[in-house]
Amino acid sequence: QVQLVESGGGLVQAGGSLKLSCAASGSMFSIIFMGWYRQAPGTEREIVAGCTGVGCTNYADSVKGRFTISRHYAKNTVYLQMNSLKPEDTAVYYCKVQDARATYWGQGTQVTVSS
């Protein structure tokens, strides 16, 4: 049984920072991907950033230069440092882990940025 435990969401003013963490535990085989998605009300879930075997990158143009993803391999943990937050970053942020057998999602953590 694989578990993903997310933390770090909350309410912050525009221009502020938050750091999300996602710790994966359980029986995993050859992790292929660890990363973050987000979903705002009335929109589809979109990828924010992710880490594969060759490295980590921000996929969403809207967060480049503001968000940084990193991964601690030994701890099976992925982080998302979010700086210069904007109201449009408000969403539920989901951790996703994919190994050779399956894809796993976290329960989601709410990030709310007030103007």
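The values are calculated or read from the model by the stated rules, or taken from the named source; none is laboratory data. It should be emphasised that the depicted structure is a prediction, and the values quoted were computed from it without experimental measurement. So basically every Cβ, Gly included, is an ideal-geometry build from the backbone, and we count neighbours across all protein chains shown. Side chains included, ligands, DNA and RNA excluded: accessible areas come from the protein's heavy atoms. Shrake-Rupley method; radii C 1.70, N 1.55, O 1.52, S 1.80 Å.
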Taking the Cα centre of region 13-76 as origin and charging only Cβ (+1 Lys, Arg; -1 Asp, Glu), how large is the dipole, in debye to the nearest 20?
220
Listed residues 86, 75, 96; largest mean-square fluctuation, Gaussian network over the chain with Cα springs below 10 Å, found at 75
Please work out, to two decimal places, the log10 of the ratio I(q)/I(0) at q = 0.11, 0.16, 0.19, 0.23 Å⁻¹ from a Debye calculation in which every Cα of the chain carries one identical scatterer.
-0.32, -0.67, -0.93, -1.33
Probe 1.4 Å - accessible area at residue 68, Å² to nearest ten
80
Residue 74 to residue 33: extension gain in nm, 0.36 nm per residue of separation minus the Cα-Cα distance?
13.3 nm
Selected from 104, 79, 94 as most flexible by GNM, with the chain as the system and alpha-carbon contacts under 10 Å:
104
For residue 25 and residue 43, calculate 0.36 nm times their separation in residues minus their Cα-Cα distance, and state this gained length in nm to one decimal.
3.5 nm
Listed residues 48, 97, 63; largest mean-square fluctuation, Gaussian network over the chain with Cα springs below 10 Å, found at 63
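Got a sec? What order do 29, 67 fall in by accessible area at 1.4 Å, biggest, i.e. largest, first?
29, 67
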What's the local net charge at residue 109, with K and R +1, D and E -1, over the other residues with C-beta under 15 Å away?
+2
Let me spell out the model: positive unit charges on the Cβ of Lys and Arg, negative unit charges on the Cβ of Asp and Glu, origin at the Cα centre of the chain. What dipole size does that give, in debye rounded to 20?
220
Just the number, please: Stokes-Einstein D of region 56-115 in µm²/s, Kirkwood Rh from C-alpha pairs, 37 °C, 0.692 mPa s.
251
Would you mind pulling out the separation of the Cα centroids of region 64-87 and region 1-18, in Å?
10
